[in-house]
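The values are calculated or read from the model by the stated rules, or taken from the named source; none is laboratory data. Keep in mind the model is a prediction, meaning the values are calculated, not measured. Virtual Cβ from ideal backbone geometry, glycine too; neighbours counted across all protein chains shown.
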Number of protein chains: 2
Amino acid sequence: MPCSYSKMFEITAENGRARTGVLRAGNMSVETPAFLPVATKAFIKTLTPDEAKRTGVKAIIVNALHIYRRAYDVVSKIGLHEFMKWDGIIFTDSGGFQSIKKFPADAGQDGVTFMMPDGRKEIFTPEKSMEVQKAIGSDFLFALDDCPSYPYTRERVEESVERTIKWARRCQGERHFAILQGGVYADLRKKCAKEISQMDFFGFAIGGLCIGEPKEEMHHMVDVTTPLLPKEKPRHLMGVGSPEDIMACVEKGIDIFDSAFPTRNARHGTIFTSHGKINLGKGKVRGDAIDEECNCYTCRNFSLDYLNYLFREKETLGMRLATIHNLAYMNDLMERIREKIRG
Amino acid sequence: MPCSYSKMFEITAENGRARTGVLRAGNMSVETPAFLPVATKAFIKTLTPDEAKRTGVKAIIVNALHIYRRAYDVVSKIGLHEFMKWDGIIFTDSGGFQSIKKFPADAGQDGVTFMMPDGRKEIFTPEKSMEVQKAIGSDFLFALDDCPSYPYTRERVEESVERTIKWARRCQGERHFAILQGGVYADLRKKCAKEISQMDFFGFAIGGLCIGEPKEEMHHMVDVTTPLLPKEKPRHLMGVGSPEDIMACVEKGIDIFDSAFPTRNARHGTIFTSHGKINLGKGKVRGDAIDEECNCYTCRNFSLDYLNYLFREKETLGMRLATIHNLAYMNDLMERIREKIRG
């Protein structure tokens, strides 16, 4: 297969609507379909960057608004890579406002208003969001979008689509992903995708899903959106998620996923294994091998008995070992998916 | 210096009352004076065994009663080393009852009564405690003692000394440490030390200190006790502690220390450095290097800014990086102390 290193995104094989390829930033790269763990606050909860890398993670997603509120003075000087000592690819979410529950953030005419730790109100305009993401050294930036929280009215989603299209125009750039909204309304999804896919973006992200709507609606929205996106550009599905949803959405043509699902599950004691989910800490699971088919640090070094015991004792080492395992599981899953597409 | 590998404890140099040497168990060894981090529940909080070893830890102390209450079925089959994947030396505390606040435990005529997780009451007689410590594969066992909680009356301490002497007789053994009580009463400490030091123990531990009594009392009790202990046998001071107290007590002839002090401080954001303590998470400490003189994983890889930020965000990765640093600091301290004794 010919391979041009000048191309930042390259599709190397296709199988139906599914595609596999590689995404590059400088001398860093990640094979697609790729799963990005969330490092919302510039850390993958419980893990060092070394550990994350050893599970196979090559790219993560950080929340730019969080960094702006909590550590902008330092990070705008030295950059996220240096701050958190992560030498892989960093995506930055423009807002992810619905995920930060501690402070109110509101999308209005001009941008998104939020409160700083000292109580001052500030506004992220589209330009300000891009400026912040650049300042913190993001590799792939997201346009500012208006993501209504679920449940929403059709009117609210109509407004969010208008606003998201308008703001996208002000966020275009060569390492930038646009975010597509439209709620669970096929016509609004299509309108948003058609308008924004004309703009000058590096890639397109489907946002506003997996926020409480029925699962079928999520899959339906991905189905109506992906055919409208340019084939040669990367497609990111935000907030997904579970191994099953990822497998299904790869078939619909998605290249990149990000979600807290595997890491959050791990911290709550649910691990994914080759023979199904295991709930730790309940005193019932027993045995030596955690997952015979897994070669991660946790499975190589510890027993299911010990891992279960750590959760029973509410010890953070347990959360950490479970996080390592779930990320290794996701990495193995993505590798199997890519192999299947290559045929 | 001649060195006989058949000897489990060997003093290789002395300087005043201070001594340095080596303690061996099978093919494992630790140089003395040694500091043992606590792994009360069969884990050093937040750390993997690998990480602890890389900070220089060679020996830890586990609470036998905790293991008996929470994981005895598994651990009595495979042993602590295999259960927690620790291939260094393991000391087991016979009770440490005052440290477990969640359930009542009472020393009476026959032993120590405590409640099992299912509500049943059980009793650790001296024989039962030794049986449990052997069953879980301890390398160095502690005799069952009666440690009154502070504040106490002289009468209560007199009772504890009588009982501790009586029980010690039933706990003798070639890998066993006796525990000496006597509160803050020099005459009771001396009586206890004189009687028990005649018995057939591998080593002697000074217990019942650092539990709330004034610091000078602790130092005074160590002063009156150590001269009464056989010179050729190892001396353990339980529950100590801080770098200053360790340095002072090495001068009094102590060989082994165990304490939660460095690890607990780390989890609460206090790290020890070559230029004093640093309190993390308050938003005031700033800078790049954590401790220029430290070569631990944390200091080699992360900035003071990032560590401080992790504590501000209450992220467990911060506690873990601080724990690694404080244990490395303790290891460096003990190494410097040993070098100084060797002269």
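Figures for the structure shown
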| item | result |
| --- | --- |
| Search result, residues across the range A:105-132 that are of a type in the set (Gly, Ala, Ser) and not in a loop (DSSP other than H, G, I, E, B) | A:ALA105, A:ALA107, A:SER129 |
| Qualifying helices (runs of 4 or more DSSP H) (wholly inside the range A:24-97; at least 1 residues being within 11 Å of chain B (Cβ to nearest Cβ), modelled with pLDDT under 95 and more than 17 Å from the chain's Cα centre (by Cα)) | A:64-78 |
| Identity of the residue in the range B:158-176, buried (at least 21 other Cβ atoms within 10 Å of the Cβ) and β-branched (Val, Ile, Thr), that ends up nearest to the chain's Cα centre (by Cα) | B:THR164 |
| Candidate set from the range B:156-202 (those that are assigned to a strand (DSSP E or B) and touching a residue at least 40 places away in the same chain (Cβ under 8 Å)); member that is farthest from B:LYS215 (Cα to Cα) | B:GLY173 |
| Residue count, the range A:124-152 (criterion: loosely packed, with under 13 Cβ neighbours inside 10 Å and closer than 13 Å to A:GLY95 by Cβ) | 1 |
| Condition met for A:ARG154 (under 25 Å from A:GLU217 (Cβ atoms) and either over 20 Å from the mean Cα position of the chain (by Cα) or at pLDDT 90 or above (or both)) | yes |
| Residue within the range A:123-133 that is closer than 21 Å to A:PRO234 by Cα, assigned by TED's automatic domain parsing to the domain that holds A:MET238, modelled with pLDDT of 95 or more and not hydroxyl-bearing (Ser, Thr, Tyr) present | yes |
| Selection from the range B:108-155 of residues that are touching a Ser or Thr at 6+ places or on another chain (Cβ under 9 Å), within 18 Å of B:GLY183 (Cβ to Cβ) and not hydrophobic (A, V, I, L, M, F, W, C) | B:ASP145, B:ASP146, B:PRO148, B:TYR152 |
| A:ILE324 being touching a residue at least 24 places away in the same chain (Cβ under 8 Å), outside the structural domain of A:GLU31 (by TED's automatic domain parsing) and not in a helix (DSSP H, G or I) | no |
| Output for the range A:203-212, where each listed residue is under 25 Å from A:ARG175 (Cβ atoms) and not in a strand (DSSP E or B) | A:GLY207, A:GLY208, A:LEU209, A:CYS210 |
| The range B:98-116: number of residues that are among the charged types (D, E, K, R) and at pLDDT below 75 | 2 |
| All positions within the range A:311-343 that are more than 14 Å from chain B (Cβ to nearest Cβ) and within 24 Å of B:MET84 (Cβ to Cβ) | A:ASN326, A:LEU327, A:ALA328, A:TYR329 |
| Criterion (buried (at least 24 other Cβ atoms within 10 Å of the Cβ) and either within 12 Å of chain A (Cβ to nearest Cβ) or closer than 23 Å to A:ILE44 by Cα (or both)) met by exactly one of B:ASN301, B:ASN308 | B:ASN308 |
| Single residue of the range A:267-298 satisfying the filter (basic (Lys, Arg) and surrounded by fewer than 13 Cβ atoms within 10 Å (Cβ to Cβ)) that is farthest from the other protein chains (Cβ to nearest Cβ) | A:LYS277 |
